[in-house]
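In what follows, a single structure is set out as structure tokens and then discussed.
The values are calculated or read from the model by the stated rules, or taken from the named source; none is laboratory data. From a predicted model like this one, the values you see are computed outputs, not experimental measurements. Neighbour counts run over all protein chains shown; Cβ positions are idealised from the backbone, glycine included.
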Amino acid sequence: MTDVRKWLQTRSRRMKKLILLTGDALILMLVIWAGFCFRFDRFYIPNFEQTLFILAGPAIALPVFASLGVYRTILRYFGAYSIWTLLKAVTVSTMVWVSLVYITLSFGPGGIPRTIAVVYWLGSFAALVATRFLARRILEEPHPLTQNAKRVLIYGSGEHAVELANALHATSEFQVVAFVSDDPSLENMDVLGIRIYPMEQLQDLVQQLGVEEVIIASPSASVRAQRDLVAKVGRLPVKIRVLPPLADLAAGKFLVSYIRDIDIDDLLGRPPVPAIPDLLREPVQGRVLMITGAAGSIGSALCRQVAQLKPAKLVLLDFNELGLYQIERELRPYGDFELVPVLGSICEPELLRSVIATHRVDTILHCAAYKHVPMVEANLVEGARNNVLGSFHLARQACEGNVERFILISSDKAVRPTSVMGATKRWAELITRYYGDLATRADPNRVFSCVRFGNVIGSSGSVVPLFKEQIARGGPITLTDEGMTRYFMSIREAAELIIQASALSRSGDILVLDMSEPVRIRDLAEDMIMLAGLTVRDERNPDGDIEIVTIGPHPAEKLAEELFYNPNSIERTRHPKILRSSPAHMPADDVPVMIQHLQDAIDRYDADAIRTILFQLLERRDLPRLMETVAWGQAKERFSA
């Protein structure tokens, strides 16, 4: 077989086509003659007229085959479409051949019996398909499995799973040993010679077949199904990976390189919502934008998203020199817009005034803030200086510099804050409201608004990087409380929604990103341990890998965060994941006086006075806890109806 393959591979394309034409001609003549033998039930020797018609078979068929593209197919890739082309060609050539028989009145026992036509059509099609699959088998380079080939189980049994199995088969690095399906009608069926098993046998299969990887190749698999899959094999030494939906693959085919590790994002229960294109383009395209905190996790994600939407100019402001250099270098290849890195702090009003005036900034996305709750709590003077005074200087310069749109990136910790970080973000919301009122008095088209959301997976303030670090060290994972919950979303989704929210804003708005249901932090920790291929060490599994330890909550932490002061005040917008919260209970007329008191305390470095000023003001302003007992779930039901 190897010698035949090598000989064929060294032939020219013309020689290969000549071999195929010769083989087809012989096959067609042999099929017609076999039809005579079948019809007369003996070894049949045709007469002169019948011999002419046997020779006419390939004489008619080969030109038809050539015109319909049968010989343009590369035999190594002979498949379903090629079979369909061959069926059309055989049908057409058979009809022409039969027509010739009737035109010459050569039908009957001494000529061409009618049975021959049926045998010719079926037999020639079957024989030609068979020879092409045989040729494909000869020409295919064998892929012997390497000694370290990974044994793979595929979750799914549809077209996507089959295509993935074919792709894996073409390599020597993977061996597909089983399919698993939730469809009971497919149980114990075979695909590509590989057995399909029910979901109930998954754990046994992993152990019995020595499975090293489980790949999810079912685009319809829900988040719940993925969580169940992780739970079933999470205690076994197996890696779980996922194949993106076919729509995500530009080539339209599944390639092994597209398989990615299943991520914690996949298990958070957040179905993706496509962006509305005009809401993404309108606030960015052709505009001059400035992003503060551009080197941070959320700021840099916003930079990447904005860079793809063709701004006229993008100004990056951050005091982190290395981070600013890295994000600038990353954005350079994105497009033909002007990119301006500015090294500095939002606490420098003269710098802000100069940058806004020099570059004629249209839109400011204000991400710069200290976000780590314990760190801000321990350094509240600098936290208040940066988060409050910095936001004050930026909003003031934006108002005086005729910036059209100012968007503050806020936090769910600003709702009834218990931490200094949350209080500073609430002050930033009040400041944005105050200068928004001033800006809209001068020009009703100007918009100063806030976008509020919860934790972002992978951001610097998220618990996920901490858990990853603790897992990498071998544990333990530290929890503040078993019942603690938080809202989560992916950083890319947050960036897209912030830009779309800016297009939907009215001045004074607080737009809230719908974070779906809160996630129990204990569940998040267990999922991350299982995704790492490890097991939880507890009373039920004393030999597990990673222990989860409860250390008690920080005094500034809440067990559960809120997104709204009054859940009944929320309104829908054009985007299903962007909600509008009423700011009616948030007067901000005396912001300059408030800021002056805070500035004096900061200048004195009086931490106690700063804390008192921060919380006394908020307690006075946020005293009306309207509908405090109304759960977010009830409000959600109301506007989902």
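Determine whether the range 615-634 contains at least one residue that is at pLDDT 70 or above, on the phi < 0 side of the Ramachandran plot and not acidic (D, E). Yes, because at least one residue in the range 615-634 is at pLDDT 70 or above, on the phi < 0 side of the Ramachandran plot and not acidic (D, E).
Within the range 354-398, being among the polar types (S, T, N, Q) and in contact with an Asp or Glu (Cβ under 7 Å, 6 or more places away or on another chain) holds for one residue alone: T363.
If you check L352, L324, L343 for being at pLDDT 90 or above, in the same structural domain as L408 (by TED's automatic domain parsing) and within 28 Å of the chain's Cα centre (by Cα), only one passes: L324.
Selection of first residues in the range 56-68 that are assigned by TED's automatic domain parsing to the domain that holds R132 and of second residues that are polar (S, T, N, Q) and surrounded by fewer than 19 Cβ atoms within 10 Å (Cβ to Cβ), restricted to Cβ pairs under 8 Å at least 6 apart or on distinct chains, gives the following pairs, ordered by first then second residue: L68/T85. Select from the range 176-206 the residues that are loosely packed, with under 12 Cβ neighbours inside 10 Å and of a type in the set (S, T, N, Q) and write down the one among them that is farthest from the chain's Cα centre (by Cα). Across the range 176-206, the extreme among qualifying residues is N188. With a requirement of 1 or more residues that are among the charged types (D, E, K, R), closer than 30 Å to G111 by Cα and at pLDDT below 90, the helices (runs of 4 or more DSSP H) lying completely within the range 1-91 that satisfy it span 13-40, 48-67. Scanning the range 437-452 for residues that are under 36 Å from the mean Cα position of the chain (by Cα) and either crowded, with 24+ Cβ neighbours inside 10 Å or not in a loop (DSSP other than H, G, I, E, B) (or both), we see that the one that is modelled with the lowest pLDDT is R452.
For the range 316-340, the set of residues classified as acidic (D, E), surrounded by 13 or more Cβ atoms within 10 Å (Cβ to Cβ) and closer than 24 Å to A357 by Cβ consists of D318, E328, listed by residue number.
Within the range 104-111, identify whether any single residue is part of a helix (DSSP H, G or I) and aliphatic (A, V, I, L, M), and answer yes or no. Scanning the range 104-111, I find no residue that is part of a helix (DSSP H, G or I) and aliphatic (A, V, I, L, M), so the answer is no.
For the range 515-543, the tally of residues that are charged (D, E, K, R), under 30 Å from H575 (Cβ atoms) and modelled with pLDDT of 75 or more stands at 3. Hey, any hits in the range 99-118 for a residue that's closer than 30 Å to S12 by Cα and at pLDDT 85 or above? Within the range 99-118 (the criterion being closer than 30 Å to S12 by Cα and at pLDDT 85 or above), the answer is no, since none of the residues qualifies. Counting the residues of the range 414-426 that are modelled with pLDDT under 85 and outside any loop (DSSP other than H, G, I, E, B) gives 1.
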